[in-house]
4 protein chains.
Amino acid sequence: MTTHRLGVGVLGLGYWGPNLAKNVATSKECRLTGLCDRDAARLEHVAAEYPGVRQTRDVDDLLRDPAVEAVAIATPVDSHYGLARTCLEAGRHVLIEKPMTRSAAEAESLIELAERKGLTLMVDHTFNYTGAVTKLKEIMATGSLGDILYWDSVRVNLGLFQHDVNVVWDLAPHDLSIMDYVLDVKPTSVQATGVAHYSDGLENIAYITLRFTGGTIAHFHVNWLAPVKIRTTLIGGTKKMIVFDDMETVEKLKVYDKGVNVVKEREGIYYTLVQYRMGDMFAPHIQNVEALSREVAHFARVVRGEDRPISGGDAGLRVVRILEAAERSMREGGKEIRL
Amino acid sequence: MTTHRLGVGVLGLGYWGPNLAKNVATSKECRLTGLCDRDAARLEHVAAEYPGVRQTRDVDDLLRDPAVEAVAIATPVDSHYGLARTCLEAGRHVLIEKPMTRSAAEAESLIELAERKGLTLMVDHTFNYTGAVTKLKEIMATGSLGDILYWDSVRVNLGLFQHDVNVVWDLAPHDLSIMDYVLDVKPTSVQATGVAHYSDGLENIAYITLRFTGGTIAHFHVNWLAPVKIRTTLIGGTKKMIVFDDMETVEKLKVYDKGVNVVKEREGIYYTLVQYRMGDMFAPHIQNVEALSREVAHFARVVRGEDRPISGGDAGLRVVRILEAAERSMREGGKEIRL
Amino acid sequence: MTTHRLGVGVLGLGYWGPNLAKNVATSKECRLTGLCDRDAARLEHVAAEYPGVRQTRDVDDLLRDPAVEAVAIATPVDSHYGLARTCLEAGRHVLIEKPMTRSAAEAESLIELAERKGLTLMVDHTFNYTGAVTKLKEIMATGSLGDILYWDSVRVNLGLFQHDVNVVWDLAPHDLSIMDYVLDVKPTSVQATGVAHYSDGLENIAYITLRFTGGTIAHFHVNWLAPVKIRTTLIGGTKKMIVFDDMETVEKLKVYDKGVNVVKEREGIYYTLVQYRMGDMFAPHIQNVEALSREVAHFARVVRGEDRPISGGDAGLRVVRILEAAERSMREGGKEIRL
Amino acid sequence: MTTHRLGVGVLGLGYWGPNLAKNVATSKECRLTGLCDRDAARLEHVAAEYPGVRQTRDVDDLLRDPAVEAVAIATPVDSHYGLARTCLEAGRHVLIEKPMTRSAAEAESLIELAERKGLTLMVDHTFNYTGAVTKLKEIMATGSLGDILYWDSVRVNLGLFQHDVNVVWDLAPHDLSIMDYVLDVKPTSVQATGVAHYSDGLENIAYITLRFTGGTIAHFHVNWLAPVKIRTTLIGGTKKMIVFDDMETVEKLKVYDKGVNVVKEREGIYYTLVQYRMGDMFAPHIQNVEALSREVAHFARVVRGEDRPISGGDAGLRVVRILEAAERSMREGGKEIRL
């Protein structure tokens, strides 16, 4: 018996869509059954590589084809909600490019609709399918770090200024989705500050702080105007600590057996003595996998009921909630926004 | 004619005081004329290296000696104000370890007193005497970076937990004093968040954001609980950008001829076009100087009226104002505090 | 008038051939007019991407097609000579994968044949078409380094053990061809040592030393068994020095204004005083170009007489001469072999 | 009962001598009982820091003092033999700066003399007392690397040109002594090439190759004229591999669980199949110890018969034998010299 290969149409062929198309086309779990973009030239350019695959500038036309069982949406974020709704209503499974939607209300509405229709709704949190994040999840899941004290991420470079979203909506979803995936605890509040130096009010630098019950703090620095590319996350636990440096070619994850031991001592008065623990460092071997390829295959297996989603609509919603709160905090002078 | 060598007494012989003593003793501009610490064992231990230098456990005793023309104070920060006041009232020039005082009011009071008495009051912002910061100041002073868009600093490591101050008062003075020295514009507001995971309420991780008129933003990450030592400052200008990595042995400063050009264009509607500029990188040769030795000699020259202070009481006050506001912001849930 | 696009057939579709095919197919200066490999499965697999392009398992068949005006040969090195000869005799221009041939005699014979036939013969020294080496050549050509004292290259990693050639023939052509391209002086002798730890006599580690008139020395370390990937070349001149680190993502070339000044002084007896010169470092911006794409276009322009070859048969021959001498030196216990 | 502290005189107060003096003076196992240098100014300058310690410009005078039980010799290498002989003949234990002597014959003669007199003779191979090399020795001693295939070391920088020795005698002793300490097998032959660009015939760049029975190869690159400082040793074993990077502040040793597995297979003919093994990396915590302080204390314990020498005269001799052979090989055009 051969597995049924899921028929996937790709909607939106700008920067990311062609990658999705390529990975769908070469997957053993999927078939590329449709290509759709409003821009005729772009559509033709991409479609030329997939002779025989239906191409159309019209979503409704795409959805008329029963071979399109699922749709991967890679359009600008403002259109995610409307297009995903259309696809779900037409009975199609949906994989949406991150960030999932422009508001939590929209995300909730899509989740509700997918559930009602019995369809799969997933979000393209690509990083969670990389070898590095898969290994990070594995390490975190063992509990060997102890209690998580902080998560600190820096994602900066001389980046493409987006015209529709600020740097928070553009870059932070990467780190927020990774954190959402590997951390068990969920944030309770968001504070953010940012500056828009160019581009009519779209922030190009921002700092986001999350609070969790139990004292964990998370912080994200996103910046489109840095002279060097930095992709570093520090994760501090009571027992071990991790540096995840995505700019490293090979040793992306380093696990440090370092920390402090706290001893309450009495010397005149009681006071807290902090002792250092300096141990070995360990860099686990990371499998070299093509993340998008893994994700596309995983999506097909989720649709077939063989797998539980790594990045389901609920994960997409949690990320959007933080983005929405961060934006509101920035508008209100860095006020702490409860989640 | 030989230059008069300034007679300096060192008050406080804990971690930093012995360094001051050594640099005073070996300076061509100073003489070490007194050593003072309340702890008898510590005093004896340090004094053993300087036979013939007056040693005492009592400040008043130190100040009775006319050979002590100036006092370098390296005691815990809570005692800075009282001791500096005593020294100034006794007619002595004063060099205070950073941070200058525990409050801006205290710093202002010392400045006023020193002025009234016609005495030199300086703060030990050691970094501003290093080869790297001297070169950084030189580059910034040329204006070649254009308008400064942001200053982003990270100073983290598995550090000594202090018992009297939190990580903000411990680590941030380094970066705040460097920024105060090389940036012409001064901040208008402060926001800070932090967490105290150990040690009865002293924050061990903190994030500080400064706002300036004109859209410049500055951000500081200080952390005593990081598995690796990071000392990196990114400075973004409209024309050039700098990475100052103090962990580099040689190439501490890198100047990037990179940035964006903004062009207002019309395509249907007006919109802002951001174009990249990718140019060469340049790492200036940095002189290998002993910062504290330079500082001590500079202090003597300032006392003699031959130099204007690089880190005078006013600089110390500006740093303390920010620290004080940061602390208040942390207590008030990250509220923006006007300076 | 439109430029004639050179019709190129690709011969040998193993590891490198498909890259050549892709770059020929997408070049504005060429057309892919034939694909040839003895292995039917491999041929079919590659040909599937180029519908309409003639495919054949037989060289003679390939050469019967007048649309194949030139042949890019990417077969195992032992077959280079025979196949190139066949192509040239059939009146085709030839681009041969490096190393050009197994012996200098073979290379000389091909050069002579191409000249006699008035055909272009080039060698695929790909590195010389990268942005980094192009910039390196540019810097070296200004003479700003002064006299070249040494060239030291390390190319090691956990690499693919070849079955037909040792590590010298596999890795050294990269560095030898770069050096041949950017250095004006040519070596006069070769010494080499190596060890074959596995694989029936094929060396997996080797060290090669070249001597030049005038005291320049060059040294190459090639190793298939290193735990980390290193690609570093140090070039020392009397005035400046360069570090070319190909593992760097961006700053691949660093030019140091460092060196020594030699002064003959007299102090009792005459002696040589060496003084240090420590200056700035400069990392030129490097264009991000696809080397193979540039090379393929350049090949077409050379065939049309519009360009002089960057990596002609003569360059291929010079590299092969060194490889041949290195191999002989290894066989003779590291004896110095005159070139 | 208190341990007798060994009375040590330091002979030669140039660059290294004062370090020896300081570590002897602060050691719990030694006492500094004498300082000797022919240069009056230098002697006075150093002696000023050790009031009460006998100072003299004459070796015989130094040796007349029974409080000088042992002598640490830090004079130019040419004088090592004569001075060490004088000290041993006067019944003093000796610690000689590396390289031990100018010839193997001299080293053998000193060893024989020390044995006959029942005195301790050690060589100052400082690196073997560092935390990093101590840990390296520990790892190597477990045998976890399998058979050692190669040792590759690079020690280059813009270094001090010596007036009395070439770069081989100046820099290679560091790496040769480390290798001698941690590798069980001993080399059987030496080949070396080098160039003297300045300084009347003293080589400033050199490459040394050692052969061992069993196929192990070792290679050393030493260079006084490099724009950057590199201190990297690669050690390849059949089971694991190590990178020892002494320029790293913390993670100086990295142990890689990487390598190749060789399987003899038959496919038509028999051939060797090499399979990769890519595993985790591990960086052991390295103790932060002052090497010279450890060495001086160890020397005292060896003299008292409580310890066996880590760097005895035999180790010094083995290093000198290689240096001597390397020099001879350079003079004879890179000829392989049997040890």
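The values are calculated or read from the model by the stated rules, or taken from the named source; none is laboratory data. No experiment lies behind these values; they were computed from the predicted model shown. Cβ atoms come from the backbone with ideal geometry, glycine included; neighbour counts cover every protein chain shown. The area values use the complete protein model at the heavy-atom level, side chains included, leaving out ligands, DNA and RNA. Shrake-Rupley method; radii C 1.70, N 1.55, O 1.52, S 1.80 Å.
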Inset, instruction - Go through the residues of region D:192-202 one by one and say whether even a single one is among the hydrophobic types (A, V, I, L, M, F, W, C) and over 19 Å from C:Tyr207 (Cα atoms). - result: yes
Inset, instruction - Hey, can you tell me all the residues within region A:193-221 that are in contact with a Phe, Trp or Tyr (Cβ under 6 Å, 6 or more places away or on another chain) and more than 9 Å from chain B (Cβ to nearest Cβ)? - result: A:Ile208, A:Ala218
Inset, instruction - Collect the residues in region D:207-218 that are over 21 Å from C:Phe220 (Cβ atoms) and not in a loop (DSSP other than H, G, I, E, B), keeping them in residue-number order. - result: D:Phe212
Inset, instruction - Answer yes if at least one residue in region B:138-160 is more than 14 Å from every other protein chain (Cβ to nearest Cβ), modelled with pLDDT of 95 or more and buried (at least 18 other Cβ atoms within 10 Å of the Cβ), and no otherwise. - result: yes
Legend entry - D:Asp307 being away from chain C (no Cβ under 14 Å), modelled with pLDDT of 95 or more, surrounded by fewer than 21 Cβ atoms within 10 Å (Cβ to Cβ) and closer than 30 Å to D:Val195 by Cα: no
Inset, instruction - Inspect region C:116-125 for any residue being within 26 Å of C:Glu290 (Cα to Cα) and at pLDDT below 95 and give the result as yes or no. - result: no
Legend entry - Only listed residue being in contact with a Ser or Thr (Cβ under 6 Å, 6 or more places away or on another chain) and either in contact (Cβ under 8 Å) with a residue 24 or more places away in the chain or not β-branched (Val, Ile, Thr) (or both), chosen from D:Gly7, D:Gly17: D:Gly7
Inset, instruction - Consider D:Val319 carefully, then state whether it is surrounded by 14 or more Cβ atoms within 10 Å (Cβ to Cβ) and over 20 Å from D:His221 (Cβ atoms). - result: no
Inset, instruction - Would you check if there is a residue in region D:223-231 being within 19 Å of the chain's Cα centre (by Cα), open to solvent by 10 Å² or more (accessible area, probe 1.4 Å) and at the interface with chain C (Cβ under 10 Å from one of its Cβ atoms)? - result: yes
Inset, instruction - Kindly indicate whether C:Arg42 is open to solvent by 10 Å² or more (accessible area, probe 1.4 Å), of a type in the set (Lys, Arg) and part of a strand (DSSP E or B). - result: no
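Results for (1) part of a helix (DSSP H, G or I); (2) polar (S, T, N, Q); (3) under 19 Å from the mean Cα position of the chain (by Cα), shown as yes or no for each residue.
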residue: D:Glu295; (1), (2), (3): yes, no, yes
residue: D:Ile310; (1), (2), (3): no, no, yes
residue: D:Ala315; (1), (2), (3): yes, no, yes
residue: D:Val320; (1), (2), (3): yes, no, yes
residue: D:Ala326; (1), (2), (3): yes, no, yes
residue: D:Ser329; (1), (2), (3): yes, yes, no
residue: D:Lys335; (1), (2), (3): no, no, no
Legend entry - Meets criteria (within 23 Å of C:Ile310 (Cα to Cα) and open to solvent by 20 Å² or more (accessible area, probe 1.4 Å)) for C:Asp175: no
Inset, instruction - Look at C:Tyr181 and say whether it is surrounded by fewer than 23 Cβ atoms within 10 Å (Cβ to Cβ) and within 27 Å of C:Ile310 (Cβ to Cβ). - result: yes
Legend entry - Single unsatisfied condition, D:Gly259 versus (1) facing chain C (nearest Cβ under 8 Å); (2) modelled with pLDDT under 95; (3) outside any loop (DSSP other than H, G, I, E, B); (4) out of contact with any Pro (no Cβ under 9 Å at 6 or more places or on another chain): (4)
Inset, instruction - Scan region B:47-55 and give yes if some residue there is at pLDDT 95 or above and open to solvent by less than 10 Å² (accessible area, probe 1.4 Å), otherwise no. - result: no
Legend entry - Restricting region A:232-247 to residues that are at the interface with chain B (Cβ under 7 Å from one of its Cβ atoms) and touching a Lys or Arg at 6+ places or on another chain (Cβ under 9 Å), the residue that is most open to solvent (accessible area, probe 1.4 Å): A:Val243
Legend entry - Extreme residue, surrounded by the most Cβ atoms within 10 Å (Cβ to Cβ), among residues of region A:278-298 that are within 14 Å of another protein chain (Cβ to nearest Cβ) and over 14 Å from A:Ile242 (Cα atoms): A:Ile286
Inset, instruction - Could you check, for region D:190-206, whether at least one of its residues is open to solvent by 40 Å² or more (accessible area, probe 1.4 Å) and either of a type in the set (S, T, N, Q) or not in a loop (DSSP other than H, G, I, E, B) (or both)? - result: no
Inset, instruction - State yes or no: is D:Thr134 assigned by TED's automatic domain parsing to the domain that holds D:Val250 and surrounded by 22 or more Cβ atoms within 10 Å (Cβ to Cβ)? - result: no
Inset, instruction - Answer yes or no: is there a residue in region C:161-168 that is at the interface with chain D (Cβ under 8 Å from one of its Cβ atoms), touching a residue at least 60 places away in the same chain (Cβ under 8 Å) and in contact with a strand residue (DSSP E or B) (Cβ under 9 Å, 6 or more places away or on another chain). - result: yes
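Please report, ordered by residue number, the helices (runs of 4 or more DSSP H) entirely within region A:54-156 with at least 1 residues that are closer than 30 Å to D:Gly279 by Cβ, out of contact with any helix residue (DSSP H, G or I) (no Cβ under 7 Å at 6 or more places or on another chain) and not polar (S, T, N, Q).
A:131-141
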Legend entry - Qualifying residues in region A:104-120 (those that are under 21 Å from A:Trp16 (Cβ atoms) and out of contact with any strand residue (DSSP E or B) (no Cβ under 8 Å at 6 or more places or on another chain)) - the one least open to solvent (accessible area, probe 1.4 Å): A:Ala107
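Find the residue count for region A:5-39, including only residues that are of a type in the set (Asp, Glu) and open to solvent by 50 Å² or more (accessible area, probe 1.4 Å). Walk me through how you get there before you give the answer.
Here is the first cut: in region A:5-39, the residues of a type in the set (Asp, Glu) are A:29, A:37, A:39.
The next check asks that each one be open to solvent by 50 Å² or more (accessible area, probe 1.4 Å); those that pass are A:39.
Residues in region A:5-39 being of a type in the set (Asp, Glu) and open to solvent by 50 Å² or more (accessible area, probe 1.4 Å): 1 in total.
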